[in-house]
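The values are calculated or read from the model by the stated rules, or taken from the named source; none is laboratory data. Everything numeric in this text was worked out from a predicted model, so none of it was measured. Don't worry about glycine lacking a Cβ; one is built from the backbone with ideal geometry, like all the others, and counts go over all protein chains shown.
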Amino acid sequence: MKTRFSSPIAAIAFFVGFLAQAEEVRLYSERHYDADKEVFSEFTDKTGIEVKVVKAGANELIARLKSEKNSPQADLYITSDAASLTKASKAGLLAPLKSELINAAVPQALRGKQDTWAAFTMRGRILVYAKDRVKGQLPKSYQDLASPEYRGNLLIRSSTSKYNRSLLASIIAIQGKAKAIQWATGMKNNFARPPQGNDRDQVRAVAKGIADYAIVNTYYLGLLKNGESQEDRDAHAAVGVVLPTSGDRGTHVNISGGGIIKGAKNSSNARKLLEYLVSEKVQKKYQRLTSEYAVSTKVEHEPLQKAWGEINPDLESIHDLGIYDQEAQKIFNMVGWK
Amino acid sequence: MVGVSFPKRNKMMTSPNSLAVENLSVSYPDSKEPALQKVTLNVAASSILSIVGASGSGKSTLLRALCGLESPASGTIKLGGQVLCSSAKFVRPDRRKIGLVSQSGDLFPHLNVFQNLGYGLTNWRRADRKTRCKELLEAIGLPNFEKRFPHELSGGEKQRIALARALAPRPPLLLLDEPFSNLDSNLRQSLRRLTADILRKEKTTTIFVTHHPEDALSTGDSIAVMDSGTIIQCDTPRNLWRNPVSPVAASLFDQINQLPSSNFPNWLRANELELVEESHGGFTSGIIHEIEFFGKTQMVYVKIQNNLTPVIVEVASEEKYQIGSPISIKRKRLKAIQSKRLSTEHKQGICF
Amino acid sequence: MFFKKKPFHSDTWGLRLWKFLAWALGLTLLAPVLVILLSLFSSLSPDSTEAWQQISSFLLKDAIKETIILVIGSCVVASLLGIPAAWFIENFDFPGKRLLSIALVLPLAIPPFIAAIISSDLREKLIPFLIKIRREEGVESFLWWEEHLRYGCLILLFGSLLYPYVFLAGRSAFAGSGIIMGEAGRMLGRSPWRVFSSIQLPLARPALAAGIFLVAMEVINDYGAVKHFGFNTLTVTLFTTWFGMDQIETAKKLASWILISVFFLVALEHWHRGRALRSLHPEGAKSFGSPSSIITRIACYLSCLVPISLGLILPLFGLIDWLLKSSSIYDQIDWEEIITASRHTLILALSSTVICLATALIIIGAARFSTNPILRVISKFSTVAGYACPGTVIALGVMGFAVALGNQFPSESWIGRLLVPSGFIWLLFAIVTRYFSIGSQMVQQGLARQNKSLDQSSFSLGKTPTKTFFRINLPLLKPSILGGATLVFVDVCKELPLCLLLRPFDFETLSTLTYSKVDQGAIYACAIPSLFLISVSMLGLIIVELNGWRKLSKTK
């Protein structure tokens, strides 16, 4: 019977095929932006490494990683929440990055302790207000928004959103639990309606006039500006931006980042991809396509981002986001912020 | 056709289609009274036994027990010498070769007449099936009906096909459970004759349950009267008519009057009484309460003073009576109607 | 039954195997419910106890209140839309009746979640009114109005999409005995309205109760639409406890309480239904004919067109509007994603339909030929399990069952991998458990219409119960099976919460895809998956209605 190797051409083809098979990196990612697709295909063009992505929620991914601990099926874990990365790292699922490039490009505050993960984009959770209705003094901090003068005038999405959880977690880190409870209660009392919809819905609602203020992610502003419909673009044009401070720290930010999975088959390819993501070119691309902030301080912000103001990101709290995550959830339940 | 002679007992017992039921008792778990109490009956080969009885007398239970759809508490059933049911053995319904025609015919709606008739003939060769089918359809007077479907048939046609279907596999025993109840009386009459004809031709042993007395009297070689789960009388039609063993048995065939008088037996048929003028002295008198005209005869209801239920007297249709006028009742025949001393077999409710 | 209480040796081998299968399947279907009920009595770890306290002290009361308001409101609206339409369709003949009666059923094809998103555009029209209130009457009044308008919109939405359950129940109820009684009433000199209110409606109440109950269950079960409107019903709370807080034990306890209250509802409905007189289904039942006065004629059309506009035309317009708006991003649409999701939806729907119907036939068929009371109870209860349990509760039960079972086998073995808690098999199990009752109710009704004497004739002609089932009962059940299969198929296509909770890794269905797209804010991009979903469902419903699955008394 003829075997695969009976003819030399077949042998070479098989060998090449085998080689070609090796050049891939498998991703477990929570992100689902079209920009990623573009970035990944450019990566493949440049390096010849194919990128295979499986998308799912953060918790699902972590559960999956745990169950695959003995034989990891993926190489790189990407998520949009520092808390998830901390969780994955604590569970022993990530291996040290060991990359000089990454260390140089990403500030230490945005890298995992023990070098297990690194951020490649940043998004702020900021305040928008109705430009034509709000005259006079604008609130300066998140804590200002909890005061009774804003009753019935505030919009924000549900507490199930990880972005809100991380915001509250950062406030617990900065001001302690008691003050955080006070803040959450104050915020809840100011809701113009019980939380519903996503950030985009909050901005649209402000534009329509349901309330004057809303807390949203910077990413959504970019989405609206380049939005699908005229209404979206109008909504974006109708609001102004405030970059609030938090206590004695700056604006609350959260990150998208990745970590190499422990025991991954293609860990070197994974490292290459992560390095690619934090490279200046790609950082600039993300700023343009998704309005996320670059992590590297060397990269200049896009005009749209500059228009929002000079951001002073609260990088100190990033590592605390994972620590106070559960606590934040409890406080949400307690004050009735659904 | 009705006059039959009964073969001697021992010959009966070994014939391939004779039925022997002994001490059959069936009870339902949720009722105190047993549905069948020690019923014993023998049906001669190729004969027709009619069973009559009021609702709840146990007729259907008996049929179901014969079919194997009820499990008896005790007793045996033997068909042609083969034990179908006993304390040691129980043959499944689909293995007993007993045909069943129910009140609603139950033709399979999604099969045509040929498929219905051939349903029980799956082991036969196709040619044989076709022949048998043709034969049966001719016998019931519906030739060339093979391709029709049940919803295209009238009530009478459906019952005929149901009968043919049950007869198709040539079962040794056939059970007919009030098959003509849903039909009008003319249709019933013609189907009655047709059925009896076919059964004789096929030589099938038949049990024919009905609550129409004329069906039972005209069709059966013998009749069994059931009441409260037992057979209270089993005899030829003529004997049964002449000598019913109790008012219950009599009331199944005719209108009777129950009279608690000491002068004469406690029940009399309506046509054993006559009406006379008060002066002529009948045994009792009363006022005419109501008159029902039936064409051939009339029924006059007479209210006797010390009795609440009116006495019913059958009179000729030409005679004229007035409601409200006083009248006297007289017995027509001098011969007393008494229960004949029946043989012990009959007394115990055993047939033959 | 084959025969009553006889020694074991008298069953055929086929029947014995069949009964065994029925037992096994029936118990399996009950397993998730039992798992949840067990957690009523289990004690929680300190971690979970704290979580449970959190939920019971802060979240439970509101959750219950919101659930009750939404359920009652939706049932009322659904009844107001469904009952008049059913009455006019059954009692009168008017041109276009056939078309209207098909259209009246189609809102069932639209998942409430998608309708909720479509409605946000409409609801924004209410905003100027709200702003006026705020300006003139102050913030408190604004908040009050805002909340009540939201309740109103969601209740209207649920009522408009779910009224077909009441409509269909009403059709069965008003046909048959309803008309005869109505004629008797007319002869006695009462006007049609009096006849309706004093004779037909009371007679129809039990059947209508069944339809209304289905509406209530759908509302309790819903996750996507309710969440989108900002309400936190029991189901949403369960979701967030499980997914958001990662507290499975606590979620199970919450689920067990939900189960008890739902069982209470079921008992109520069954008791109510049991008091019904047996319906007559007379063959000769006719309608009142053409409507006599112009007012009646108008009423006929109005009663049909209002529900159709609210539940069908409005959402479809919204969807088409979306499609047009999304045309600008056609090139950005990830077709592969949509096709994969469609494939998954199809696989899920087809396999669950087949399993549901096959299981229903096995269990109900076995109960028909057996006198064992326990088998009948199991047959009845396995129906109730999916009927009465909210989907999230079932998902939890299945998960608990899966984890317990999976722990018995090493994870590397082939059986370990097959039974892994995140496997497709468990999603299938949960879906089958949830939707089993729809298929089995149809099968049960169809089988009940077949007289037992039909079976007995077959026995007398020498066929065993198994052969009888395949040659007689099954062919006559074809309309019921088709009807049940279509309903199950349509419902599985629309299913969201179960798919979100139990889906295997990287397994998107059309509904979960739409949900995630909305979550990301890419609203218009989900127009196309939504359209796929709704078209498939509608096609199924139209097929079933055209075949007149309702009129099952006629065979061939």
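For every residue, the table says whether it meets (1) among the basic types (Lys, Arg); (2) at pLDDT below 80; (3) farther than 23 Å from B:Lys320 by Cα.
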{"residue": "B:Ala216", "(1), (2), (3)": "no, no, yes"}
{"residue": "B:Ile223", "(1), (2), (3)": "no, no, yes"}
{"residue": "B:Pro237", "(1), (2), (3)": "no, no, yes"}
{"residue": "B:Ala250", "(1), (2), (3)": "no, no, yes"}
{"residue": "B:Gly281", "(1), (2), (3)": "no, yes, no"}
{"residue": "B:Ile287", "(1), (2), (3)": "no, no, no"}
{"residue": "B:Glu290", "(1), (2), (3)": "no, no, no"}
{"residue": "B:Gly295", "(1), (2), (3)": "no, no, no"}
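Of the candidates A:Lys188, A:Lys162, the single residue that is out of contact with any Phe, Trp or Tyr (no Cβ under 8 Å at 6 or more places or on another chain) and touching a residue at least 12 places away in the same chain (Cβ under 8 Å) is A:Lys162.
Those strands (runs of 3 or more DSSP E) of region A:41-141 in which at least 3 residues are at pLDDT 90 or above and surrounded by 19 or more Cβ atoms within 10 Å (Cβ to Cβ), considering only elements entirely within it, cover A:76-79, A:118-130.
Listed by position, the helices (runs of 4 or more DSSP H) contained in region C:444-514 that have at least 3 residues being within 11 Å of chain B (Cβ to nearest Cβ) are C:452-460, C:465-468.
Here's the yes/no breakdown for (1) assigned by TED's automatic domain parsing to the domain that holds A:Ala109; (2) more than 17 Å from the chain's Cα centre (by Cα); (3) surrounded by fewer than 22 Cβ atoms within 10 Å (Cβ to Cβ):
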residue	(1), (2), (3)
A:Arg233	no, yes, yes
A:Ala238	no, yes, yes
A:Thr245	no, yes, yes
A:Lys262	yes, yes, yes
A:Lys265	yes, yes, yes
A:Leu274	yes, no, no
A:Lys285	yes, no, yes
A:Tyr293	yes, no, no
A:Leu315	no, no, yes
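Within region C:499-520, the set of residues being modelled with pLDDT under 80, within 16 Å of C:Ile333 (Cα to Cα) and surrounded by fewer than 20 Cβ atoms within 10 Å (Cβ to Cβ) comprises C:Gln520 only. Counted as qualifying within region A:165-274 are the helices (runs of 4 or more DSSP H) with 1 or more residues that are out of contact with any Gly (no Cβ under 7 Å at 6 or more places or on another chain), within 14 Å of chain C (Cβ to nearest Cβ) and acidic (Asp, Glu), namely A:199-208, A:230-238. Total residues in region C:208-253 satisfying the condition of being small (Gly, Ala, Ser) and more than 14 Å from chain A (Cβ to nearest Cβ): the figure is 4.
Being surrounded by fewer than 22 Cβ atoms within 10 Å (Cβ to Cβ) and touching a residue at least 12 places away in the same chain (Cβ under 8 Å) is the filter here; which residues of region C:418-445 pass it? First the steps, then the outcome.
Pass one, region C:418-445, residues surrounded by fewer than 22 Cβ atoms within 10 Å (Cβ to Cβ): C:418-425, C:428, C:441, C:444-445.
Once the filter is applied, which keeps residues that are surrounded by fewer than 22 Cβ atoms within 10 Å (Cβ to Cβ) and touching a residue at least 12 places away in the same chain (Cβ under 8 Å), region C:418-445 yields C:Leu419, C:Val420, C:Pro421, C:Ser422, C:Gly423, C:Phe424, C:Leu428, C:Gln441, C:Gln444, C:Gln445.
Among the residues of region C:89-134, the ones that are charged (D, E, K, R) and away from chain A (no Cβ under 14 Å) come to 4 in all. Taken over region B:95-127, the criterion of being under 17 Å from B:Pro150 (Cα atoms), more than 7 Å from every other protein chain (Cβ to nearest Cβ) and either outside any helix (DSSP H, G or I) or in contact (Cβ under 8 Å) with a residue 12 or more places away in the chain (or both) is satisfied by B:Val101, B:Gln103, B:Gly105, B:Leu107, B:Leu111, B:Asn112, B:Val113, B:Phe114, B:Asn116, B:Leu117, B:Gly118. So for region C:204-212 (the condition being outside any helix (DSSP H, G or I), modelled with pLDDT of 80 or more and of a type in the set (Val, Ile, Thr)), does at least one residue qualify? Within region C:204-212 (the criterion being outside any helix (DSSP H, G or I), modelled with pLDDT of 80 or more and of a type in the set (Val, Ile, Thr)), the answer is no, since none of the residues qualifies.
Evaluate the following for C:Trp52: is it closer than 18 Å to A:Pro194 by Cβ, surrounded by 15 or more Cβ atoms within 10 Å (Cβ to Cβ), over 19 Å from the mean Cα position of the chain (by Cα) and within 14 Å of chain A (Cβ to nearest Cβ)? When the stated conditions are applied, C:Trp52 does not pass them. Candidates are the residues of region A:303-338 that are more than 14 Å from A:His252 (Cβ to Cβ) and touching a Pro at 6+ places or on another chain (Cβ under 9 Å); the one that is modelled with the lowest pLDDT is A:Lys338.
C:Phe469 meets the conditions (1) of a type in the set (A, V, I, L, M, F, W, C); (2) under 14 Å from C:Ala360 (Cβ atoms); (3) touching a Leu at 6+ places or on another chain (Cβ under 8 Å) in every case but one. The failed one is (3).
Of the residues that make up region C:432-453, is at least one out of contact with any Ser or Thr (no Cβ under 6 Å at 6 or more places or on another chain), small (Gly, Ala, Ser) and at pLDDT below 75? Scanning region C:432-453 turns up no residue that is out of contact with any Ser or Thr (no Cβ under 6 Å at 6 or more places or on another chain), small (Gly, Ala, Ser) and at pLDDT below 75.
Take B:Pro179 and decide whether it is modelled with pLDDT under 90 and either on the phi < 0 side of the Ramachandran plot or surrounded by 17 or more Cβ atoms within 10 Å (Cβ to Cβ) (or both). For B:Pro179, the condition - modelled with pLDDT under 90 and either on the phi < 0 side of the Ramachandran plot or surrounded by 17 or more Cβ atoms within 10 Å (Cβ to Cβ) (or both) - is met.
Of all the listed residues (B:Val248, B:Val209, B:Val225), the sole one being in contact with a Lys or Arg (Cβ under 7 Å, 6 or more places away or on another chain) and of a type in the set (A, V, I, L, M, F, W, C) is B:Val209.
Is it fair to say C:Ser177 is over 30 Å from C:Phe532 (Cα atoms), at pLDDT 80 or above, among the polar types (S, T, N, Q) and in contact with a helix residue (DSSP H, G or I) (Cβ under 9 Å, 6 or more places away or on another chain)? Spelling it out, it is not the case that C:Ser177 is over 30 Å from C:Phe532 (Cα atoms), at pLDDT 80 or above, among the polar types (S, T, N, Q) and in contact with a helix residue (DSSP H, G or I) (Cβ under 9 Å, 6 or more places away or on another chain).
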